[in-house]
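Any read-out appearing in this document is the output of simple, stated calculations on the displayed coordinates, not a laboratory observation. Keep in mind it's a predicted model, so treat the numbers as computed, not measured. Virtual Cβ from ideal backbone geometry, glycine too; neighbours counted across all protein chains shown.
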Amino acid sequence: MPELPEVETIVRGLARKMTGLKFSGGTIRPGKLIEASPEAMLNTLRGKKILSIGRRGKHILFHLTGQWILVIHLGMTGKLQFLPHPNRQEKHTHAIFEFQDHPWELHFIDPRKFGRIRFLRVACKEHLEGHLRLGPEALEISSEAFIHRVRGKRKRIKALLLDQHFLAGLGNIYIDEILHAAGIHPLKIACTLSRKALLRLHGEMRRILQKAIQSKGTSVRNYRDETGSPGKFQKKLKVYSREGQPCRSCRSLILRKVIAGRSTFFCPRCQPERNPQLK
DNA sequence: CTGCATGTTAGGTT
DNA sequence: CAACCTAACATGCA
């Protein structure tokens with residue numbers, strides 16, 4: 001569920017409350033969500049201080065003393081909740097982290113278990129990048145670098161933007177919204193898009209991601225921030241999950257089609273498959 | 001019961 | 001090598 005704006009919202013919230021805290025212990029359920037054993041992870045964590053909390057793509061990064069990084073990916077249904085200690089665990093709580101001299105705890109909850117908690121010791125930024133293997137940040141890449149990166153890519157634009165190795169941070173919801181705002185059909189082959197179209201795509205990507213961060217993310221199903229609050233951007237969605245409803249720009253009915261294995265929503269009029277000036 | 005779900009990746013095919 | 005599709009992961013919801 002969480003894409004860049006949701007992860008960014010969580011990271012900002014956690015950074016405000018957790019920077020400087022020192023891990024004291026906790027409870028970790030063994031399972032696929034956790035690399036390494038719970039004991040090993042708790043032993044490594046104990047006594048480490050949180051220097052900063054950041055984000056790379058959809059990964060949450062807790063930078064700790066001793067060059068350790070706690071990397072959390074929320075998958076589809078993962079949640080992080082910062083709660084007063086002690087707090088009851090939910091049915092699908094997989095880890096609880098506790099802190100020295102601080103009466104709050106961090107819960108990691110994930111019903112579908114697509115999330116991951118990893119622990120990396122990295123000497124430098126390049127080392128971390130080698131582990132994550134992500135493309136440039138969607139909100140950091142320049143328009144020229146973006147256009148350059150699309151060159152030679154014969155993938156459908158929807159599939160290309162979903163690929164985290166190409167660009168990090170976008171997911172199914174925001175891609176549909178961005179393509180609609182840019183007037184680009186999701187099946188267009190990326191490298192056939194004009195320079196003008198790519199400039200517009202880059203601009204709409206920035207605009208929509210920033211607006212979504214301002215709205216604290218999109219809660220269409222079960223996304224919640226670290227306090228349990230939903231986002232507000234779902235009120236501003238123009239195409240996602242609106243199959244059969246009129247386009248808010250032109251009143252044409254929104255279509256749904258599976259592309260790259262994912263539900264894709266688009267307006268056939270605002271996002272023509274063929275170049276409009278050719279017809 | 002069926003179908004679907006905001007993510008990622010492995011494996012097979014074209 | 002590039003790109004496509006499907007399945008798999010595990011659970012909840014309409």
Quiz prompt | Sparse-neighbourhood loop sites, trypsin sites (Lys or Arg not before Pro) in the stretch A:170-221 - DSSP loop, at most 12 other Cβ within 10 angstrom | solution = A:221
Self-check item: Sequence-distant aspartates and glutamates (8 or more away, or on other chains) whose Cα lies within less than 16 Å of residue A:113
Solution: A:35, A:90
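Over all alpha-carbon pairs in chain A, figure out the percentage whose distance exceeds 35 Å. Please report the intermediate quantities before stating the final value.
On the way: 8895 of 38781 pairs.
The answer is 23 percent, as a whole percent.
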Quiz item: Taking only the alpha-carbon positions of the stretch A:143-278 and ignoring solvent, what does the Debye formula give for the base-10 log of I(q)/I(0) at q = 0.13, 0.20 Å⁻¹?
Solution: -0.54, -1.26
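Between rounded, prolate and oblate, where does the stretch A:54-138 land on the alpha carbon gyration tensor, with a ≥ b ≥ c its root eigenvalues, rounded for a/c under 1.5, else prolate if a/b exceeds b/c? Don't jump to the answer; show the numbers that get you there.
Values: a/c = 2.67, a/b = 1.45, b/c = 1.84.
In terms of gyration-tensor shape, oblate.
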Practice problem: Name the most mobile residue of A:20, A:115, A:217, meaning the one with the largest mean-square fluctuation, in a Gaussian network model of chain A with Cα contacts below 10 Å. | Solution: A:20
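From the cross-link list A:58/A:238; A:91/A:211; A:17/A:196; A:188/A:238; A:153/A:232; A:17/A:236, which pairs have alpha carbons spaced over 31 Å apart?
Values: A:58/A:238 23 Å; A:91/A:211 33 Å; A:17/A:196 43 Å; A:188/A:238 20 Å; A:153/A:232 34 Å; A:17/A:236 29 Å.
Those over the limit are A:91/A:211; A:17/A:196; A:153/A:232.
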